[in-house]
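Read the structure below first, then the notes.
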Number of protein chains: 2
Amino acid sequence: MLHRIASTELPETKRKLVDAGVKLMRERGYNATTVDDICGEAGLTKGGFFHYFKSKDDIARAALTHFHEGKARDYEAAPFRKLADPLDRVFGRLDYVKESVGPKGRVTKGCLIGVFAQELAFTSPEIRDACHNFFSRIVGDFSHDLAEAKAAHASDAKFDPKAVAELYLAIVQGSLMLAKVADANEVLRDNIEQFRAYLRFLLGVTDK
Amino acid sequence: MLHRIASTELPETKRKLVDAGVKLMRERGYNATTVDDICGEAGLTKGGFFHYFKSKDDIARAALTHFHEGKARDYEAAPFRKLADPLDRVFGRLDYVKESVGPKGRVTKGCLIGVFAQELAFTSPEIRDACHNFFSRIVGDFSHDLAEAKAAHASDAKFDPKAVAELYLAIVQGSLMLAKVADANEVLRDNIEQFRAYLRFLLGVTDK
DNA sequence: CCTTACATACCGACCGGTCTGTATGTTACA
DNA sequence: TGTAACATACAGACCGGTCGGTATGTAAGG
């Protein structure tokens, strides 16, 4: 069978490999994930793997990018995006995060960017820069809404939207880490709620 | 040369190995750190290593414990401990964290507990539990001061000291991660400052 | 239409190197 | 002389990456 593919998409098999890489590396990290593991998960053998990727590093980059772009698309399509009031988008984002951690008890799978950041920041400048770049986009995206909300509702408030967005990212990443070792994601939910309270305080909001 | 050692202390060479393990694993993580690397850093060879540790896992546990106990001692001896008012201890702790990240620009070395938590939570239950345990102690320690500060200064405030301490830990750990990829620790300082503002808000404090 | 030529997708054996752990010295000191 | 504290050498497993081969498809030409 031949796979006619629109130019932007990946071939089916390559996508399977990337998905397998994302899944395994999210759990075990980069070093503990074997090329053979990925092949096994994707249902093919090493020959096939190296047909699509020239090295293990290569699929790590692809997995990282794929993971981030998937999340970026999710957030781009999330319902809170369509809200007219930037303040609603700010708090709607927090709701969305809480929803996407899944049901109570069941532990959240981690963030591949965070995993790579911790494991590879000192050993792979390229991956570190990629993580930094993706993090910056998340911060930039959120701080955009924050700046608008501030302008519209609390123009006299004195806070830096970018700094607040960085706090948000740190809370999310740190909470994911704590959730992993506690084997429970309540801590993420609770911390988001406290961040919400902090935001209400910053913006002088009493409802929401 | 024989090293007479008080019963609680480690033999000189063993301590050197643990120190080397802490140093290298903080940077590279567990999997990317080789026994030979540790030996090289400590200035001896494999024979010596396996004289003191029965496996690589073994030194990882020792390194984790040693790292935590060292930090615990630092915090136990920190100046903010001696302050009589629990509120001063709460905010004094934040100052102490900021001080201990070192001078501007120079990037902070990470937290070994955080590194292990991210890398090994899904593959080594024992290490995961150890990380969870150490994190719990940090949270317990801070929430103790928080509870006292609340009782003494804002008994009508409505917040859970343990939840706030967990937020603090998540912020610190998340910020350390962001600092690693940004190659700058300003983000940690800024986020601590925002947490301080949140605390002031919770406790109804205007000075400090 | 059939054949030749070539491309894609994948298999699985294998190689070289690395890494953990072991087995066996060797040395210094009690 | 026995034992603690190492060094040295090596075994054995594993892992990343290569390579030759195969199956399938496709396009061109006579």
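Numbers at a glance
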item	result
Complete set of residues in segment A:90-141 that are touching a Ser or Thr at 6+ places or on another chain (Cβ under 9 Å) and either part of a helix (DSSP H, G or I) or buried (at least 23 other Cβ atoms within 10 Å of the Cβ) (or both)	A:S100, A:F116, A:A130, A:F134
Filtered residue count, segment B:26-40, keeping only those that are within 16 Å of DNA strand D (Cβ to nearest atom), crowded, with 17+ Cβ neighbours inside 10 Å and either within 13 Å of chain A (Cβ to nearest Cβ) or not hydrophobic (A, V, I, L, M, F, W, C) (or both)	6
Subset of segment B:51-79 that is within 16 Å of DNA strand C (Cβ to nearest atom), away from chain A (no Cβ under 14 Å) and in contact with a helix residue (DSSP H, G or I) (Cβ under 8 Å, 6 or more places away or on another chain) - its residue that is nearest to B:E126 (Cα to Cα)	B:R61
Flag if A:L146 is in contact with a Phe, Trp or Tyr (Cβ under 8 Å, 6 or more places away or on another chain) and either small (G, A, S) or within 14 Å of chain B (Cβ to nearest Cβ) (or both)	no
Test: residue in segment B:100-113 that is modelled with pLDDT of 95 or more, within 28 Å of B:G204 (Cα to Cα) and in contact with a helix residue (DSSP H, G or I) (Cβ under 7 Å, 6 or more places away or on another chain)	no
First in segment A:163-192 and under 14 Å from A:R106 (Cβ atoms), second anywhere and among the basic types (K, R) and part of a helix (DSSP H, G or I), Cβ under 8 Å, 6 or more apart	A:K180/B:R128; A:D183/B:R128; A:L188/A:K98; A:R189/A:K98
Residue among A:V181, A:V187, A:V164 that is among the β-branched types (V, I, T) and more than 17 Å from A:L94 (Cα to Cα)	A:V181
Sole residue being surrounded by fewer than 22 Cβ atoms within 10 Å (Cβ to Cβ) and part of a helix (DSSP H, G or I), chosen from A:A157, A:A147	A:A147
Tabulated pairs, segment A:114-138, first within 7 Å of another protein chain (Cβ to nearest Cβ) and touching a residue at least 40 places away in the same chain (Cβ under 8 Å), second surrounded by 23 or more Cβ atoms within 10 Å (Cβ to Cβ) and of a type in the set (F, W, Y), C-beta under 6 angstrom, 6+ apart or interchain	A:E119/A:Y30; A:C131/A:F116
Number of positions in segment A:160-175 that are within 8 Å of chain B (Cβ to nearest Cβ) and of a type outside the set (S, T, N, Q)	9
Given (1) farther than 17 Å from A:C131 by Cα; (2) surrounded by 14 or more Cβ atoms within 10 Å (Cβ to Cβ), index of the condition A:K82 fails	(2)
Hits in segment A:160-208 - residues which are modelled with pLDDT of 95 or more and in a loop (DSSP other than H, G, I, E, B)	A:D160
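The values are calculated or read from the model by the stated rules, or taken from the named source; none is laboratory data. Not measured: the values here are computed from a predicted model. No Cβ is skipped: glycine too gets one built from the backbone with ideal geometry, and neighbour counts run over all protein chains shown.
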